[in-house]
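Since the structure comes first, as structure tokens, the remarks are kept for the end.
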Amino acid sequence: MLYSFYPSVNSGYSMLYSKLFGKTIKESPKDESSVNARLLIQAGFIRKEVAGVYNFLPLGLRVLNKISNIIRDEMDNTGAQELLLVSFQNKANWEKTGRWDSFDALFKVKSRYDFEYALGPTHEEVLVPLVKNFANSYRDLPLKLYQIQNKFRDEARSKAGLLRGREFLMKDLYSFHQSEKDLVDYYELMKKVYKKTFSRLGLNAIETLASGGTFSKFSHEFQVICGNGEDEIIYCPSGDFSQNSEITKVKEGKECDLGHGPLKKVKTIEVGNIFPLKDKFSKAFGLTFKDKSGKEKYVVMGCYGIGISRTMGAIAEVHNDKKGIVWPKSVAPYQVHLIHLGGVHPRFAKASPGESATSEVYDKLVKTGVEVLYDDREDVSAGEKFADADLIGIPVRLVISDKVSGGQVEWKKRDEDKTEIISVDQAIKRLG
């Protein structure tokens, strides 16, 4: 007879490892050179489809969703509204901006009826004509719109796992303003919001001055220091100076102007960027508004992007050790990795004391809203279970065995070596 505590396959708060779609694999994939791809594939978060294109398995999707929801929270707090735009985009709009032929990484899709579409790498060509239908007065501005959606870019090389994909998940926000002053105010706000957002995601992102390309004289990138990164910055560790090495005239070793010591050159991963688009796209599509005096003016724009799947890859790149991934609490797929050692699984009759304890612990955790990945496998050794827990990287491991007295568990944080025997109530309080 089944015990009543036996969890559903996936209750939202819990998951049985035996039923989880996507398990760990023993060997690191030999066709991946990046740390993030090797760890995420081996731990059961993603699987490669083709170069630069990855499937996200249930564990990986949980991480993506947690990253997305933190970003949503921060974008909503700035007054932005979420929408969802098309991936197949109007060729005529891309020709209007001159980017049909000049955007090197643009995927062009031709139907059997001879129609051609752009497969969206970015969404100015879609959103600006759409906004033109709704914003034509100063009363309609400022307007901030964002989406979280897959993007497609025909990258020349895709050997960095989630850090450089041909298909990837991204948050892109576009702001529309009456004046450059209003744009600058929101732009400066977004610098602070981005710093806060990446901090919530467990990343120390350095605001870095960069080229604005065809849009403006400058932009700002948010760079995470990583020895395997594809970018490079010159920066002051005290935080008052950072420029992308491709545009800066400043050399490594120069003394910081504020006396903080020599500037350093480091490899980095770009996880976000912001651009002052000004009236580039407004002019292309005739996006204008009437001011208070009735005069017609071009709308001024800004663009703000965060690579969500890239951010997941960056987290895996910088938060790991020789055993596997070490997820920050805010984005971990589950809060707790629960392991029962020894004996027959508690869903069968005549449960041992340790198995009965597991049912009580599990019940308490789930009823209090703790997210639990429960390793319920019967034919796997303790060593294998511990190795899998380390590889997957959930922040807290709880172990129950016949050696632990009733109402207690062995508590271990993923980023610490020490273990403690504590009560279940203490564990729940710490998790809260």
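The values are calculated or read from the model by the stated rules, or taken from the named source; none is laboratory data. Everything quoted here is computed from the prediction, not taken from an experiment. Glycine gets a Cβ as well: all are built from the backbone with ideal geometry, and neighbour counts include every protein chain shown.
To keep it simple, each residue is scored yes or no on (1) buried (at least 19 other Cβ atoms within 10 Å of the Cβ); (2) charged (D, E, K, R); (3) out of contact with any strand residue (DSSP E or B) (no Cβ under 6 Å at 6 or more places or on another chain).
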residue	(1), (2), (3)
PHE134	no, no, yes
PHE152	yes, no, no
ARG157	no, yes, yes
PHE168	yes, no, no
LEU173	yes, no, no
ASP182	no, yes, yes
LYS192	no, yes, yes
LYS195	no, yes, yes
ASN204	no, no, yes
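The number of residues in region 165-190 being among the basic types (Lys, Arg) and closer than 17 Å to LYS278 by Cβ comes to 1. Scoring ILE394 on the criteria (1) outside any loop (DSSP other than H, G, I, E, B); (2) under 21 Å from LYS26 (Cα atoms); (3) of a type in the set (A, V, I, L, M, F, W, C) leaves a single failure, condition (1). Restricting region 265-305 to residues that are more than 25 Å from the chain's Cα centre (by Cα) and basic (Lys, Arg) leaves a set whose member that is farthest from TRP94 (Cα to Cα) is LYS265.
Looking at region 19-34, which of the residues that are in contact with a strand residue (DSSP E or B) (Cβ under 8 Å, 6 or more places away or on another chain) and more than 28 Å from GLU230 (Cβ to Cβ) is surrounded by the most Cβ atoms within 10 Å (Cβ to Cβ)? Write out each step before concluding.
Taking region 19-34 as the starting set, the residues that turn out to be in contact with a strand residue (DSSP E or B) (Cβ under 8 Å, 6 or more places away or on another chain) are 19-20, 22, 29, 31-32.
Adding the requirement that they be more than 28 Å from GLU230 (Cβ to Cβ) leaves 19-20.
On the way: LYS19: 12, LEU20: 19.
The qualifying residue surrounded by the most Cβ atoms within 10 Å (Cβ to Cβ) is LEU20.
Can you find a residue in region 229-252 that is touching a helix residue (DSSP H, G or I) at 6+ places or on another chain (Cβ under 9 Å) and either of a type outside the set (Lys, Arg) or closer than 26 Å to ALA37 by Cβ (or both)? Reasoning before the result, please.
Quick first cut of region 229-252, residues touching a helix residue (DSSP H, G or I) at 6+ places or on another chain (Cβ under 9 Å) only: 229-230.
Now narrow it down to the ones that are either of a type outside the set (Lys, Arg) or closer than 26 Å to ALA37 by Cβ (or both): 229-230.
The answer is yes; a qualifying residue exists.
Within region 103-122, none of the residues are without any contact (Cβ under 8 Å) to a residue 12 or more places away in the chain, assigned by TED's automatic domain parsing to the domain that holds VAL300 and within 30 Å of LYS295 (Cβ to Cβ). The strands (runs of 3 or more DSSP E) located wholly in region 163-247 that include 2 or more residues which are under 19 Å from the mean Cα position of the chain (by Cα) occupy 167-177, 206-211, 218-225. Hey, can you tell me all the residues within region 101-123 that are of a type outside the set (Lys, Arg) and either more than 19 Å from CYS303 (Cβ to Cβ) or in a strand (DSSP E or B) (or both)? Across region 101-123, the qualifying residues are ASP101, PHE107, VAL109, SER111, TYR113, ASP114, PHE115, GLU116, TYR117, ALA118, LEU119. Note on region 252-271: residues that are surrounded by fewer than 19 Cβ atoms within 10 Å (Cβ to Cβ) and either in contact with a strand residue (DSSP E or B) (Cβ under 9 Å, 6 or more places away or on another chain) or outside any loop (DSSP other than H, G, I, E, B) (or both) amount to 10.
What's the number of the condition VAL126 fails, among (1) in a helix (DSSP H, G or I); (2) under 27 Å from the mean Cα position of the chain (by Cα); (3) without any contact (Cβ under 8 Å) to a residue 12 or more places away in the chain? Looking at each condition in turn, VAL126 falls short on (3). Checked against (1) surrounded by 14 or more Cβ atoms within 10 Å (Cβ to Cβ); (2) hydrophobic (A, V, I, L, M, F, W, C); (3) modelled with pLDDT under 95, MET1 passes all but condition (1).
Run down PHE107, PHE88, PHE103, PHE56 and say which single residue is more than 30 Å from GLY286 (Cβ to Cβ), of a type outside the set (A, V, I, L, M) and under 29 Å from the mean Cα position of the chain (by Cα).
PHE56
Taken together, LYS249, LYS290 contain a single residue that is in contact (Cβ under 8 Å) with a residue 40 or more places away in the chain, of a type in the set (D, E, K, R) and surrounded by fewer than 19 Cβ atoms within 10 Å (Cβ to Cβ), which is LYS290. Within region 24-61, which residues are of a type in the set (Ser, Thr, Tyr) and either over 16 Å from ALA160 (Cβ atoms) or part of a loop (DSSP other than H, G, I, E, B) (or both)? THR24, SER28, SER33, SER34 - these are the residues of region 24-61 that are of a type in the set (Ser, Thr, Tyr) and either over 16 Å from ALA160 (Cβ atoms) or part of a loop (DSSP other than H, G, I, E, B) (or both). Quick check on SER199: is it within 30 Å of GLU32 (Cα to Cα) and of a type in the set (Gly, Ala, Ser)? Judged against the criteria, SER199 is a match.
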